[in-house]
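Enquirer: Supplied in structure tokens, the structure appears directly below.
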Amino acid sequence: MAAPLPNTQQAMRRRNLSLVLHAVAAHGPLSRAAVAARIGLTRAAVSTLVDELARDGLLVELGPSRPGTVGRPGSALQLNERGPAGLGAEIGVDHLAVCAMDLGRRVRVRAQVESANRDGAPGPVLGRLAELVRRVAAEAEGEGLRPVGLAVAVPGLVARESCVVVRAPNLGWEGVDVGPALREALPGLPLTVDNEANLGALAELWLGGHDPAPRDFVHVSAEIGIGAAVVIDGRLLRGTHGFAGELGHVPVRPEGPECVCGGRGCLEQYAGEEAVLRAGGIPAEQAADGHRAPGSRIALLARRAADGDQKVRRALRGAGAALGIALAGTVNLLDPQKVVLGGALTPLAPWLLPALERELAQRLTDPARPGQDVVTVSRLGSDGPVLGAAGSVVQGVLDDPAALREDGA
């Protein structure tokens, strides 16, 4: 999200442009008078701002509308469906995904391919992703959209304010700069890279469909590993180095097995995908055979659990209990409104939640807060990271539309 602007006349104009755009995005179509009433500016000031946003291709007028009040009808304003668009991409362990999202946060183009990215050289993976980005961008332009930025979700630690993946254990990457290959794919397009759990949390904030939408929550997601993101008052808690949210490496049993991070008894050793498959009696070769597509191994676990496989159900209960132990400390420390289970955890929620909620109920310091009131399941599932990536570009436009002209977009 954009940093606060200084209190100058130019900064005030930029803030007011954002206020108008946000008002139409949240409540449109709206007349100029309705926008003025919502944001507390004069109609004359709003008209000037609207004209500027329309010239930049962000707003369109639908024609006269009469909202049932006396007087001359005003023209209803809405976001331009053929204007700027955000591109979002995700590098998963077993897939690559890209989508284009318009200003109304509707996905207009989406593509996903299987890709064995684990322990592969970064160059070929980034090359395949660059080609997918080019394809989606071209399709978006064919629909009249104008890509104005690309954000990439990765399952690892990303250095703050950079495109460098410091460490992604489940990809086998360390110190990988994803910028050059992707900038070559779309020269001049602004690029950001972030942790997949962070972007999944932002998708939850903007697109999760919660009623009411929580402003303070912990988002937990999973693929091979387990990640988390903390949202406080609608903003990500990033930490000093940008590494906040590494829930998967919180030790739940200090005497437990060694983890790839170098510690012992980490949550991933009990609730990660491979750990659950192993505990459920599904050998690695069986899990791999015919289950290489994205999410197929999770689907295998869910199918076996639904069919009554007691060993798989026991493994999922153990994973839920481990999640509950790790999350209890997080909830006691931060006191969020909700914990949202997302990513690959969503199809397994029916078997994870009972043990997870029992652990929370036993361990939370607030006796009036039962565990089942804390946890909710995401409606976005495994799409969260790529949606959050594209949504972060859109949010940047809504927060500072004047920056588009400065960037030459």
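Enquirer: Do we find that LEU157 is touching a residue at least 24 places away in the same chain (Cβ under 8 Å) and closer than 19 Å to GLY188 by Cβ in this structure?
Expert: no
Enquirer: Quick one: GLY175 ticks every box in (1) in a strand (DSSP E or B); (2) surrounded by 18 or more Cβ atoms within 10 Å (Cβ to Cβ) bar one, so which box is it?
Expert: For GLY175, the failing item is (2).
Enquirer: Residues that are under 24 Å from ASN170 (Cα atoms), in contact (Cβ under 8 Å) with a residue 60 or more places away in the chain and touching a strand residue (DSSP E or B) at 6+ places or on another chain (Cβ under 9 Å): which strands (runs of 3 or more DSSP E) entirely in the range 70-142 hold 3 or more of them?
Expert: Fully inside the range 70-142 and qualifying: 84-91, 95-102.
Enquirer: For the range 225-272, enumerate the residues that are assigned to a strand (DSSP E or B) and either of a type in the set (A, V, I, L, M) or assigned by TED's automatic domain parsing to the domain that holds VAL154 (or both).
Expert: Just the residues of the range 225-272 that are assigned to a strand (DSSP E or B), to begin with: 226-232, 235-236, 251, 258, 264, 266.
ILE226, ALA228, ALA229, VAL230, VAL231, ILE232, LEU236, listed by residue number.
Enquirer: Give the residue that is modelled with the lowest pLDDT, with candidates limited to residues of the range 377-404 that are more than 11 Å from the chain's Cα centre (by Cα) and closer than 13 Å to PRO190 by Cα.
Expert: LEU404
Enquirer: If a residue has to be among the aliphatic types (A, V, I, L, M) and either over 13 Å from the mean Cα position of the chain (by Cα) or surrounded by fewer than 14 Cβ atoms within 10 Å (Cβ to Cβ) (or both) to count, how many in the range 205-245 make the cut?
Expert: Qualifying residue count, the range 205-245: 6.
Enquirer: Shifting gears a bit: I need a count of the residues in the range 328-355 that are in a helix (DSSP H, G or I) and in contact with a Lys or Arg (Cβ under 9 Å, 6 or more places away or on another chain).
Expert: 10
Enquirer: Hey, another quick one. Look at ARG183 and say whether it is touching a strand residue (DSSP E or B) at 6+ places or on another chain (Cβ under 8 Å), surrounded by fewer than 24 Cβ atoms within 10 Å (Cβ to Cβ) and either assigned by TED's automatic domain parsing to the domain that holds ALA100 or farther than 23 Å from ILE325 by Cα (or both).
Expert: yes
Enquirer: Follow-up question, since we're still on this one. Which ones in the range 142-166 are among the basic types (Lys, Arg) and at pLDDT below 90? Full working, then the answer.
Expert: The initial filter retains those residues of the range 142-166 that are among the basic types (Lys, Arg), namely 146, 160.
Passing the criteria: only ARG160.
Enquirer: For the range 5-63, name all the residues that are over 31 Å from the mean Cα position of the chain (by Cα), farther than 22 Å from ARG82 by Cα and of a type in the set (Lys, Arg).
Expert: ARG43
Enquirer: Please tell me if LEU145 is closer than 20 Å to GLN395 by Cα, touching a helix residue (DSSP H, G or I) at 6+ places or on another chain (Cβ under 8 Å) and outside the structural domain of LEU237 (by TED's automatic domain parsing).
Expert: So LEU145 fails the test.
Enquirer: Being of a type outside the set (A, V, I, L, M) and in contact with a strand residue (DSSP E or B) (Cβ under 8 Å, 6 or more places away or on another chain) is the filter here, so list the residues in the range 326-357 that pass it.
Expert: Answer for the range 326-357, where residues must be of a type outside the set (A, V, I, L, M) and in contact with a strand residue (DSSP E or B) (Cβ under 8 Å, 6 or more places away or on another chain): THR330, PRO336, GLN337, LYS338, GLY342, GLY343, THR346, GLU357.
Enquirer: Something else now. Take VAL165 and tell me if it is assigned to a strand (DSSP E or B), crowded, with 18+ Cβ neighbours inside 10 Å and touching a residue at least 60 places away in the same chain (Cβ under 8 Å).
Expert: no
Enquirer: Continuing with the same structure: Is it the case that the range 307-316 has a residue that's touching a helix residue (DSSP H, G or I) at 6+ places or on another chain (Cβ under 7 Å), within 30 Å of VAL24 (Cα to Cα) and surrounded by fewer than 24 Cβ atoms within 10 Å (Cβ to Cβ)? Give the steps one after another, and end with the answer.
Expert: Going residue by residue through the range 307-316, those that are touching a helix residue (DSSP H, G or I) at 6+ places or on another chain (Cβ under 7 Å) are 312-313, 315-316.
Still in the list and also within 30 Å of VAL24 (Cα to Cα): none.
Looking for residues that are touching a helix residue (DSSP H, G or I) at 6+ places or on another chain (Cβ under 7 Å), within 30 Å of VAL24 (Cα to Cα) and surrounded by fewer than 24 Cβ atoms within 10 Å (Cβ to Cβ), one finds none in the range 307-316, hence no.
The values are calculated or read from the model by the stated rules, or taken from the named source; none is laboratory data. Fair warning: this is a prediction, and the values are worked out from it, not measured in the lab. Every residue, glycine as well, gets a Cβ built from its backbone with ideal geometry; the counts of neighbours run over all protein chains shown.
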